[in-house]
1. Which one is nearest to the chain's Cα centre (by Cα), of the residues in region 14-44 that are within 24 Å of His68 (Cβ to Cβ) and of a type in the set (Ser, Thr, Tyr)?
2. Can you pull out the residues in region 18-57 that are without any contact (Cβ under 8 Å) to a residue 12 or more places away in the chain, under 17 Å from Leu73 (Cα atoms) and part of a helix (DSSP H, G or I)?
3. Out of all the residues in region 1-17, which are part of a helix (DSSP H, G or I) and either aliphatic (A, V, I, L, M) or touching a helix residue (DSSP H, G or I) at 6+ places or on another chain (Cβ under 8 Å) (or both)?
4. Tally time: how many residues in region 58-91 are within 21 Å of Arg9 (Cβ to Cβ), in a loop (DSSP other than H, G, I, E, B) and of a type in the set (Val, Ile, Thr)?
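Please treat every number below as a calculation from the coordinates, not as lab data. All values reported here derive from a predicted model rather than from experimental measurement. Quick reminder, even Gly has a Cβ in these numbers, built from the backbone with ideal geometry, and neighbours come from all protein chains shown.
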Amino acid sequence: MHAADKIARSAIGQLTQSKEKQVINPFPQGVALHKKCHDGVTYISYLDRWDKLMLFRPIIPGGFAQVHPKVDLNTTRIAATKGLFNSMLRL
């Protein structure tokens, strides 16, 4: 389990290797993408923003999935991040 977790975290830039306190394999694009997804889902999840977003379903040709995005509240598990990305992609 730990090996898969390390591979996944490394793939999205959350786990980096360092040598003499210098990061060897930075992935700032992955970190930025994760932050954008997290911020977007957090914004949609509060107040009546989700209901307002659902008002756009009839306007968009073909509509879009009525999947409620999952906020990754537990940042220590890769499964929470996977739920965040999967729900955003489906939406």
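1. Thr42
2. Lys35, Lys36, Asp39, Tyr43
3. Hits for region 1-17 are Ala3, Ala4, Asp5, Ile7, Ala8, Arg9, Ala11.
4. Looking only at that region, the number is 3.
Each row is one residue, and each column tells you yes or no for (1) out of contact with any strand residue (DSSP E or B) (no Cβ under 8 Å at 6 or more places or on another chain); (2) among the aromatic types (Phe, Trp, Tyr); (3) surrounded by 13 or more Cβ atoms within 10 Å (Cβ to Cβ); (4) over 18 Å from Leu89 (Cβ atoms).
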position: Ala11; (1), (2), (3), (4): yes, no, no, no
position: Lys19; (1), (2), (3), (4): yes, no, no, yes
position: Val23; (1), (2), (3), (4): yes, no, no, yes
position: Lys36; (1), (2), (3), (4): yes, no, no, no
position: Tyr46; (1), (2), (3), (4): yes, yes, no, yes
